[in-house]
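Structure first, then comments.
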Amino acid sequence: MHASFHLAADLDAVLRAAASAAGLADASAFAPEVRTADPRHGDFQANGVLAYAKSRKLNPRGIAEQLVAALPPAVRDLCEVTIAGPGFINFTLRPAALLAWLRTHDSEAHLRTGAAAAHAGQTWVVDYSAPNTAKQMHVGHLRSAVIGEAVCRLLAFTGARVIRDNHLGDWGTQFGKLIYAYKRWVNPAALAADAIEELERLYKLGNEAAPDGSPELEVARRELVLLQQGDPENVALWRKFSEVSLAAFQEIYDRLGIRFDHHLGESFYNDKVDRVYRELTEAGLAQVSEGALVVFHPEHPRFKTQPFIIRKADGASNYASTDLATALYRSEHFGAHGIVIVTDFRQADHFEQLFLTVRKWFAARGHRLPELHHVTFGAVTGEDGKALKTRSGDVIRLKLLLDEAVDRAFAIVTEKSPEIPEDERREIARLVGIGAVQYADLSQNRSSNYVFSWDKMLALDGNTAPYLLYAVARIHSIFRKAGVTPGDPAAEAAATAPETPTEIALARKLVKFPDAIRLAADGLRPHYLCLYLFELASDYSSFNNADKVLVDDPALRARRLLLCARTLLLLETGLRLLGVRTLQRM
Ligand code: ARG
């Protein structure tokens, strides 16, 4: 065994081998369950002995002793091995092993090779952001974009070919009213100045002018039918709505560093829904109920009576029809091994019904079934726990929210570092402000509501973007002072193994990077990576306070520069995987 990327996985393999070497009964059934340990006990802990012994009525401590005795000597060279409690096996890396890991993991490429196993060779389609066209993006659209982008980057880092697909809500009854209003009241000057603003105004006018049961609504409906029948004028208008919407969305995506590969919105699946109706009906999964085509799931407590409506009674397609067609397209056209859809928790039922239906349908027809994941998240609330609104009670536009983040960051940078030239302060503020918004979202467990707090997200202390970005900038400044490029092998050549308690604590945290990536990528939960980066930055800060880096002793200096360089590499890599851009000076 050598100090490879994924120490926990290596130890897992080693313990499995020890189980057969020790001649354990039913050795192949032994699952070591190696996890990152509480640092007071070691670096990694194998918990699996307990379950193995219990189910076979054996003494777990005795089993643990047998396993430890069967470990190859190379493992003992790398770690100190102890048995604790009823039969936990603890591994604590020796300083030489820590040094070996740090030496080999000297670039993002090397980190990536090690991490690539999880999704190597797989294609994953990530469906995120996906706002509805002809409307501005508001604060509610932030989470899907930010979480989705981090998920893409984590999957790509672990070896997947990632296809970013923006599944725009670009089809539906609202376009009848919008066309109706556009034809009557469009203001060309306003449209030229801020198209999406004007479309939003028109949509509101259309809604007010065509209430339920009114003759105006009938006219609006006819516009919709014309659009659906391919009437050139209405199709051209609808195209224009999509184009200006996308241009406005792209401004936001640019600020967040997001680039989609495809924008295959609901309209793209218009001509693909008939096949869905046919196949589901032929497979005996769909039935007509009160005029609509529906799917029941008899094995499910709720969906045995609450149907999944896949075609409306008036014959029109709906969100379910297009999503079913989307799943098939992603399987057939992209050869997807995995599909991730990122929306808020309110769509949980829809996706549960969708996935149940897709699994049965694909099995019946022999379509290749990808792994299906609905990545949900909670609402964005203010500090009072209520939905986030402007003072006048309107929804907050994402554009203005990002502007405010940058303005606030600029005020902070200006107060802290008035000596930096204004241009540079503006650039810093742009990255810190946007990064703070992204990071605040990602650092909380996505399943919870996200409490939006300017003060918390911009704080220079705590689990925040400014704290991490500042740590990165501080390490860069050490290298500037040393006149060394971070990671320069010449500066690290003389490094010896970590020795002081703060050096050792930092090194032990560094080698846990792969576990943080694995947790975040497997669970599609970026907050695990955030927590790791925050703890890493804290351990770095303790090291930096206790151990002077730029000392005269060449071996000591090299070893501390090595620790600085690897901390920097992991912080920068980790932040990049979250979509947060870093700075060299702050
Ligand atoms: N447009 C939808 C919304 O705004 C989100 C679409 C998510 N993706 C999907 N395949 N349904 O809620």
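The values are calculated or read from the model by the stated rules, or taken from the named source; none is laboratory data. Because the structure is predicted, anything quoted here is derived from the model rather than measured. Note that each Cβ is placed from the backbone with ideal geometry, even for glycine, and that neighbours are counted across all protein chains shown.
Pairs are defined by a Cβ separation below 7 Å, a sequence spacing of at least 6 or placement on different chains, a first member in the stretch 342-364 that is over 19 Å from Gly140 (Cα atoms) and assigned to a helix (DSSP H, G or I), and a second member that is near the ligand (Cβ under 9 Å from one of its atoms) and acidic (Asp, Glu); the pairs so defined are Leu354/Asp323.
Conditions (1) within 12 Å of the ligand (Cβ to nearest atom); (2) in a loop (DSSP other than H, G, I, E, B); (3) crowded, with 24+ Cβ neighbours inside 10 Å, marked per residue:
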| residue | (1), (2), (3) |
| --- | --- |
| Ser129 | yes, yes, yes |
| Gln136 | no, yes, no |
| His141 | yes, no, no |
| Ile147 | no, no, yes |
| Ala150 | no, no, yes |
| Leu154 | no, no, yes |
| Gly159 | no, yes, no |
| Ile163 | no, no, no |
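Being more than 12 Å from the ligand (Cβ to nearest atom) and in contact with a Phe, Trp or Tyr (Cβ under 6 Å, 6 or more places away or on another chain) is the filter here; which residues of the stretch 336-352 pass it? Within the stretch 336-352, just Gly338 meets the criteria.
Do we have His333 as more than 14 Å from the ligand (Cβ to nearest atom), farther than 15 Å from Leu168 by Cα, modelled with pLDDT of 95 or more and of a type outside the set (A, V, I, L, M) here? So His333 fits the description; yes.
Taking the condition buried (at least 21 other Cβ atoms within 10 Å of the Cβ) and not in a helix (DSSP H, G or I), does Ala495 pass? Against the criterion (buried (at least 21 other Cβ atoms within 10 Å of the Cβ) and not in a helix (DSSP H, G or I)), Ala495 qualifies.
Table: residues versus (1) in a helix (DSSP H, G or I); (2) modelled with pLDDT under 95; (3) closer than 26 Å to Leu78 by Cα; (4) touching a Gly at 6+ places or on another chain (Cβ under 8 Å).
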| residue | (1), (2), (3), (4) |
| --- | --- |
| Val484 | no, no, no, no |
| Glu499 | no, no, yes, no |
| Ile504 | yes, no, yes, no |
| Lys509 | yes, no, yes, no |
| Leu519 | yes, yes, yes, no |
| Leu531 | yes, no, no, no |
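Residues in the stretch 360-380 that are surrounded by 15 or more Cβ atoms within 10 Å (Cβ to Cβ) and either within 23 Å of the chain's Cα centre (by Cα) or of a type in the set (Lys, Arg) (or both): Lys360, Leu369, Pro370, Leu372, His373, His374, Val375, Thr376, Phe377, Gly378, Ala379, Val380. Taken together, Ile341, Ile309 contain a single residue that is farther than 25 Å from Ala145 by Cβ and hydrophobic (A, V, I, L, M, F, W, C), which is Ile309.
Just one of (1) in a helix (DSSP H, G or I); (2) of a type outside the set (D, E, K, R); (3) in contact (Cβ under 8 Å) with a residue 40 or more places away in the chain; (4) within 16 Å of the ligand (Cβ to nearest atom) fails for Leu237. It is (4).
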